[in-house]
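Following: one structure in structure tokens, then a few remarks.
The values are calculated or read from the model by the stated rules, or taken from the named source; none is laboratory data. Owing to the predicted nature of the structure, the values given are computational and were not obtained by experimental measurement. Glycine also receives a Cβ, built like all others from the backbone with ideal geometry; neighbour counts cover every protein chain displayed.
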Ligand SMILES: *Cc1c(COP(=O)(O)O)cnc(C)c1O
């Protein structure tokens, strides 16, 4: 039997995966966690034929659906490569791999969760004869991954809000390209205005006829797919009796929580390294310098997709693990921008590898961890975005031409679909009610 899901805040009924995915947040404001984690036999991931096949096997333990139903949908979602690249023998030492999660359509790891969540949601909604409008405020990666992942789903459309003039050129190109069922709104305001508008829309009585929904990383439907690539790595570098280490560039801690779920499913993990930028609540918490939930305010950095003062998945991680388990399993560090740039340069000089700023925060964490603990077991560091998404930082730091990639260049000629709106609820309401 697949697990049932209950709220981190303890109130309310246990629900199925389907309901947890469609609700997003539990009615008491908590996050959904499983009442038991399915235990997988190692053969399952050691001998999986492909990443998508592994996905079908694993998901069928979590979701009340047959492999036959899941197969087309999972294969359609997970249709890009996940190269595991050895980093060579730079100053990090041997046994360091980079797992490139950025070969999906919008070039960040968020494609994995967004694409699979979209297809599962479409399956459930179609069966129920219902529809949803996904409302998402974005300052970067999430918006394009969600827009792209959900585009073309018959039962779902997407409205995304971004601050006009407040995102990079590359990001804007990815946000405004015309997609089936997606409307992009350039809000004449800040990211906070966008987020505020979304919150207002959800509780606006005049919008009660619009079935709004969200798709952020508090949704178990986005999180669970991410645990698959940890298991997939287990296949490639498995066989280490006492486990390997994973390094996770972190913001909302969704990716790290997904790793913990994989470990609970039976993957041999020795330790997770939580690599944060100057937004340092979680490393401070792990070092006992901050109490649980004593969040900081958000600081802007060069690894902007990790600029999160109050990580939304902390509550889930805390409830899943409990304080004692944190100590053996998790290690964390906060890396300032200057050091991130030095790491981009050092890795490039030593190995020729071009890392995006988020990935570089991770590689710096690996260096610090190995220095501090002397632990030199194999470590897999997650590469969360393509360096071409951050051409300015990378080219300035390395003194090379800005990295490019065909998928981004091709967007230059594409038709766009974007509308400017004033930062007020009436303007957003008008868009949403016009269908
Ligand atoms: C979202 C994001 C992160 C942070 O992931 P969380 O799940 O929020 O911890 C890291 N790197 C990139 C490139 C991202 O887009």
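A few remarks follow.
- Test: residue in the range 197-209 that is modelled with pLDDT of 95 or more and closer than 30 Å to residue 70 by Cα: no
- Hits in the range 13-30 - residues which are in a strand (DSSP E or B) and modelled with pLDDT under 95: 25
- Yes/no for residue 256 being within 16 Å of the ligand (Cβ to nearest atom), crowded, with 24+ Cβ neighbours inside 10 Å and on the phi < 0 side of the Ramachandran plot: yes
- Complete set of residues in the range 35-46 that are free of Cβ contacts under 8 Å to residues at least 40 places away in the same chain and either over 11 Å from residue 266 (Cβ atoms) or part of a loop (DSSP other than H, G, I, E, B) (or both): 35, 36
- Among the numbered conditions (1) farther than 18 Å from residue 214 by Cα; (2) surrounded by 19 or more Cβ atoms within 10 Å (Cβ to Cβ); (3) touching a residue at least 40 places away in the same chain (Cβ under 8 Å), the only one that residue 30 does not meet is (1).
- Taken as a whole, the range 225-245 holds at least one residue that is near the ligand (Cβ under 10 Å from one of its atoms), in a helix (DSSP H, G or I) and at pLDDT 95 or above.
- Being over 22 Å from residue 6 (Cβ atoms), more than 16 Å from the ligand (Cβ to nearest atom) and touching a strand residue (DSSP E or B) at 6+ places or on another chain (Cβ under 6 Å) is a property that residue 204 lacks.
- Hits in the range 277-309 - residues which are within 15 Å of the ligand (Cβ to nearest atom) and over 21 Å from the mean Cα position of the chain (by Cα): 285, 286
- Restricting attention to the range 51-78, the residues that are under 25 Å from residue 362 (Cβ atoms) and not in a helix (DSSP H, G or I) total 1.
Matching residues to (1) over 25 Å from residue 33 (Cα atoms); (2) part of a loop (DSSP other than H, G, I, E, B):
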| position | (1), (2) |
| --- | --- |
| 283 | no, no |
| 290 | no, yes |
| 293 | no, yes |
| 299 | yes, yes |
| 305 | no, no |
| 308 | no, yes |
| 312 | no, yes |
| 317 | no, no |
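- The single residue among 59, 82 that is crowded, with 21+ Cβ neighbours inside 10 Å and either touching a helix residue (DSSP H, G or I) at 6+ places or on another chain (Cβ under 8 Å) or more than 30 Å from residue 369 (Cα to Cα) (or both) turns out to be 59.
- Being within 24 Å of residue 92 (Cα to Cα) and either within 16 Å of the ligand (Cβ to nearest atom) or part of a strand (DSSP E or B) (or both) is a description that applies to residue 393.
- Residue match in the range 335-343 (condition: within 24 Å of residue 165 (Cβ to Cβ), in contact (Cβ under 8 Å) with a residue 60 or more places away in the chain and surrounded by fewer than 19 Cβ atoms within 10 Å (Cβ to Cβ)): yes
- Any hit, the range 349-371, residues being in contact with a strand residue (DSSP E or B) (Cβ under 6 Å, 6 or more places away or on another chain), assigned to a loop (DSSP other than H, G, I, E, B) and within 11 Å of the ligand (Cβ to nearest atom): yes
- Here the condition is being within 21 Å of residue 254 (Cα to Cα) and in contact with a helix residue (DSSP H, G or I) (Cβ under 7 Å, 6 or more places away or on another chain); of 101, 92, 123, 87, it holds for 101 alone.
- For the range 310-319, the criterion of being under 19 Å from the mean Cα position of the chain (by Cα) and more than 12 Å from the ligand (Cβ to nearest atom) is met by at least one residue.
- Any chance residue 367 is under 30 Å from residue 328 (Cβ atoms) and modelled with pLDDT of 95 or more: yes
- Selection of the range 400-435 for residues being more than 27 Å from residue 341 (Cβ to Cβ), assigned to a loop (DSSP other than H, G, I, E, B) and out of contact with any strand residue (DSSP E or B) (no Cβ under 9 Å at 6 or more places or on another chain) yields 424, 434.
Every residue, every condition in (1) more than 15 Å from residue 431 (Cβ to Cβ); (2) out of contact with any helix residue (DSSP H, G or I) (no Cβ under 9 Å at 6 or more places or on another chain); (3) buried (at least 22 other Cβ atoms within 10 Å of the Cβ), yes or no:
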| position | (1), (2), (3) |
| --- | --- |
| 211 | yes, yes, no |
| 217 | yes, no, yes |
| 226 | yes, no, yes |
| 235 | yes, no, no |
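- Tally of residues being within 21 Å of the chain's Cα centre (by Cα) and farther than 21 Å from residue 309 by Cα across the range 180-198: 2
- Sole residue being modelled with pLDDT of 95 or more, under 15 Å from residue 278 (Cα atoms) and in contact with a helix residue (DSSP H, G or I) (Cβ under 7 Å, 6 or more places away or on another chain), chosen from 347, 361: 361
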